[in-house]
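Please read the structure below before turning to the comments.
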Amino acid sequence: MLYQIARPASFSRSQSRNINSGVVIGLLLLVIAVNSASAQTYSREMDTPAKVSLSVKSRNGRVSVIASDDQKNKVTIEASSAGAVVDSTVVQAVAKGSSIVIEVSDRSDKDRIDMIVRIPSRSKVKVETEAGAVDVVGNVESAEVATNTGTIHADVPLEALKFSFRWTASKPRYMSDVELPEIKEKAAGVSTISGKLGEKEPKEEDSPKPERVQLDFVTQRGVVLLNVDPNMAPADLRERPLTEAARAIVRSGDSQLIDAIRKVSPKMFGDYAKTLPPHEKEPTLHRLSAPGQFVSKLSPQLLRFNASVTDRNGRAIGGMKESDFTVYENGVERQVTNVALTNEPFNLVLLLDVSGSVEERIDFIRKAARDFLKTASRQDSIAIISFRDDIQVISNFSTDRQLLSQKLEDIDAGGATSLYDALGYVLANTLKQLRGQRTAIVVLSDGDDNKSFLPFPAILEALTESGALVYPLYVPSGLIPEGSVPKPEITIDPLRTRYLTLTTRAHEEGKKLAEASGGVYYPIYRLEDLQRAYDDVVVQLRTAYTITYASNSVPSGNPRVRVRANRDGASVRLSPVVNVATP
């Protein structure tokens with residue numbers, strides 16, 4: 001059977017830096033398509049002049065306005081709801097000349113109406129909502145948006161932009177792909193950010209002057225995103241000092257992770273970056289070819305990935321050699337140069353969540369960590385890092401289990417949860433010097449991040465380039481018994497355990513982390529599940545063959561790799577491919 005390495009559905013590094021309207025439009029359409037699969041829908045097309053003035057009122061639904069040159073002399077409305085029927089009585093649209101007014105009837109949150117409105121380029125837009133999110137995409141002439149708590153997301157040309165963002169009942173929460181002026185505090189708790197971008201005179205006399213876009217956003221407590229993919233926005237957008245995890249990532253030189261931190265805290269980032277010398281090494285986690293080397297059939301580069309092999313019953317198959325694997329790169333068979341034996345050691349990072357949700361159960365966390373130390377192979381080198389709102393390096397890599405166990409007493413608990421920053425720190429710092437070696441990360445957490453500088457998609461992107469296996473063991477914090485260390489006489493109310501569950505986001509992200517790396521996700525619903533997960537992780541590690549093959553792809557390419565296991569009934573699970581040093 002053939003098995004293909006799967007890449008996560010996330011932006012590439014260049015896309016993350018250069019969000020464009022085409023990408024955003026595609027995402028919005030995907031959201032509508034997914035929602036419409038089991039939803040009520042309504043659509044309407046209206047003939048209009050070349051430019052229009054659009055006004056939309058919707059209390060709690062999402063409003064996405066897309067301006068494009070393809071939308072000539074017409075306005076198209078697409079509305080959907082997961083609940084009640086959507087028709088012209090609840091989405092009322094009236095056209096008078098170039099003026100289009102759309103009003104959406106108030107409905108409960110479960111019956112809310114989400115809407116995409118396509119309009120001609122250089123039209124004017126006005127949207128009023130309370131809790132609903134608003135997207136303004138494309139070359140509009142102006143956009144006025146007012147919300148209470150809804151997120152306002154704009155993806156517009158920046159060549160000639162005039163903008164005013166105002167928060168009337170909270171500190172500003174915003175994220176921008178470009179640096180914005182300083183916040184101005186006004187009377188009655190009002191804060192503003194305003195200014196201009198571009199609008200320089202063209203260098204050549206016959207060059208047209210760029211068309212101005214004007215944005216006026218007013219919100220009570222909402223978030224403003226300017227030319228930033230909403231999926232790349234972390235939970236906490238307040239300007240704040242960089243943590244040790246964030247500073248280490250900045251020092252690492254990983255350009256995408258650095259850019260994500262810069263956008264959250266531009267001033268703090270700038271102040272810290274000025275204290276650092278210029279980077280002398282490559283600015284990403286990529287391993288580049290040696291100077292002067294070119295990739296060809298005569299001078300191949302070596303690529304490496306991990307593969308776990310099981311039989312029809314899910315049991316690990318051991319003892320496989322180079323001749324037991326056939327590797328295809330972009331449809332062409334490649335030479336397998338090495339298959340690492342299952343008894344070769346791993347470098348393991350045990351990443352422990354000690355945030356406020358488990359502060360009263362810190363002894364349980366220590367016991368859970370010691371149980372893993374006892375379960376892992378004695379030859380594996382283990383580092384222990386805990387995290388809350390920042391990371392704490394409990395121990396660097398060591399095979400001394402007694403020392404590691406003693407170091408667990410140094411854990412400090414309490415505070416917010418910065419899971420993504422902790423993962424970013426491990427990938428960009430702890431594992432960076434171990435490229436080409438067998439590495440894995442075991443995460444013990446409830447999976448809910450609320451304080452990181454880094455967004456989840458950035459972690460997925462960095463993870464696929466690291467070659468590290470990730471094993472998320474996600475434990476609902478309510479499952480951990482009071483009194484810390486669980487004893488035989490301590491039981492959990494069986495009725496209460498029915499309702500102990502991981503959040504949907506944590507569950508989905510845990511699966512994505514495992515799938516992107518080639519690891520396994522373990523949702524823990526009972527305390528006894530934890531030891532079973534430890535046992536299974538060790539089995540997975542011992543059967544995670546490291547396969548090296550000779551590649552003819554360009555060094556910066558993203559090869560499509562498939563593997564045939566030459567054993568009857570064998571199944572293969574693969575990690576991403578990474579570059580290794582060429583001999």
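Some points to look at:
- Residue check for V86: under 15 Å from S43 (Cα atoms), open to solvent by 40 Å² or more (accessible area, probe 1.4 Å) and among the β-branched types (V, I, T): no
- Scanning segment 389-408 for any residue that is within 17 Å of the chain's Cα centre (by Cα), among the hydrophobic types (A, V, I, L, M, F, W, C) and closer than 21 Å to L530 by Cα turns up nothing.
- Per-region count, segment 110-129, residues under 21 Å from P230 (Cα atoms), open to solvent by 10 Å² or more (accessible area, probe 1.4 Å) and out of contact with any Gly (no Cβ under 7 Å at 6 or more places or on another chain): 3
- Within segment 98-114, the set of residues being in a loop (DSSP other than H, G, I, E, B) and over 18 Å from T41 (Cβ atoms) comprises S98, D106, S108.
- Scanning segment 426-445 for residues that are at pLDDT 90 or above and part of a loop (DSSP other than H, G, I, E, B) turns up just one, L431.
- Segment 312-345: number of residues that are open to solvent by 40 Å² or more (accessible area, probe 1.4 Å), assigned to a loop (DSSP other than H, G, I, E, B), farther than 23 Å from Q433 by Cα and modelled with pLDDT under 85: 6
- Filtered by the rule that a residue be in a helix (DSSP H, G or I) and over 23 Å from K432 (Cα atoms), segment 260-278 gives K263, V264, P266, K267, M268, G270, D271.
- Residue list for segment 393-425, filter: part of a loop (DSSP other than H, G, I, E, B), over 30 Å from N231 (Cβ atoms) and of a type in the set (S, T, Y): T399
- The residues of segment 450-472 that are open to solvent by less than 10 Å² (accessible area, probe 1.4 Å), within 23 Å of N231 (Cα to Cα) and part of a loop (DSSP other than H, G, I, E, B), listed by number, are S452, F453, L454, P455.
- If only residues of segment 225-259 that are among the small types (G, A, S) and not in a helix (DSSP H, G or I) are counted, the one that is nearest to Y425 (Cα to Cα) is G253.
- The criterion of being surrounded by fewer than 18 Cβ atoms within 10 Å (Cβ to Cβ), in contact with a Ser or Thr (Cβ under 9 Å, 6 or more places away or on another chain), at positive phi and of a type in the set (A, V, I, L, M) holds for A188.
- Among the residues of segment 533-570, those that are modelled with pLDDT under 80 and open to solvent by less than 60 Å² (accessible area, probe 1.4 Å) comprise R542, T543, A544, N552, S553, P555, G557, P559.
- Matching residues in segment 353-392 - criterion: being in a strand (DSSP E or B), in contact with a Phe, Trp or Tyr (Cβ under 9 Å, 6 or more places away or on another chain) and closer than 23 Å to P241 by Cα: D353, I385, F387, I391
- Of everything in segment 89-109 that is of a type in the set (G, A, S) and open to solvent by 20 Å² or more (accessible area, probe 1.4 Å), the residue that is farthest from G150 (Cα to Cα) is G97.
- If you go through segment 279-307 and pick out every residue that is of a type outside the set (A, V, I, L, M), at pLDDT 80 or above and over 25 Å from the mean Cα position of the chain (by Cα), you end up with 1.
- Residues satisfying the stated conditions in segment 101-139, i.e. of a type in the set (S, T, N, Q) and touching a strand residue (DSSP E or B) at 6+ places or on another chain (Cβ under 7 Å): S121, S123, T129, N139
- Screening segment 240-258 for residues that are open to solvent by 10 Å² or more (accessible area, probe 1.4 Å) and in contact with a strand residue (DSSP E or B) (Cβ under 9 Å, 6 or more places away or on another chain) and picking the one that is farthest from G138 (Cα to Cα) gives E244.
- Top-ranked residue of segment 57-72 - restricted to ones that are part of a strand (DSSP E or B) and of a type outside the set (S, T, N, Q), ranked as most open to solvent (accessible area, probe 1.4 Å): K57
- Applying the set (1) under 23 Å from R251 (Cβ atoms); (2) at pLDDT below 95; (3) surrounded by fewer than 24 Cβ atoms within 10 Å (Cβ to Cβ) to D390 leaves exactly one unmet item: (2).
- Considering (1) under 26 Å from L463 (Cα atoms); (2) under 30 Å from the mean Cα position of the chain (by Cα); (3) open to solvent by 20 Å² or more (accessible area, probe 1.4 Å), the lone condition that D412 does not fulfil carries the number (1).
- Of the residues in segment 168-184, at least one is assigned to a loop (DSSP other than H, G, I, E, B) and under 30 Å from S386 (Cα atoms).
- Residues in segment 209-222 that are surrounded by fewer than 22 Cβ atoms within 10 Å (Cβ to Cβ) and not polar (S, T, N, Q): K209, P210, E211, R212, D216, V218, R221.
The values are calculated or read from the model by the stated rules, or taken from the named source; none is laboratory data. Everything numeric in this text was worked out from a predicted model, so none of it was measured. For neighbour counting, all protein chains shown are included, and Cβ atoms are generated from backbone atoms with ideal geometry for every residue, glycine included. Each accessible area value is taken on the protein alone, full model and side chains, heavy atoms only, with ligands, DNA and RNA left out. Shrake-Rupley method; radii C 1.70, N 1.55, O 1.52, S 1.80 Å.
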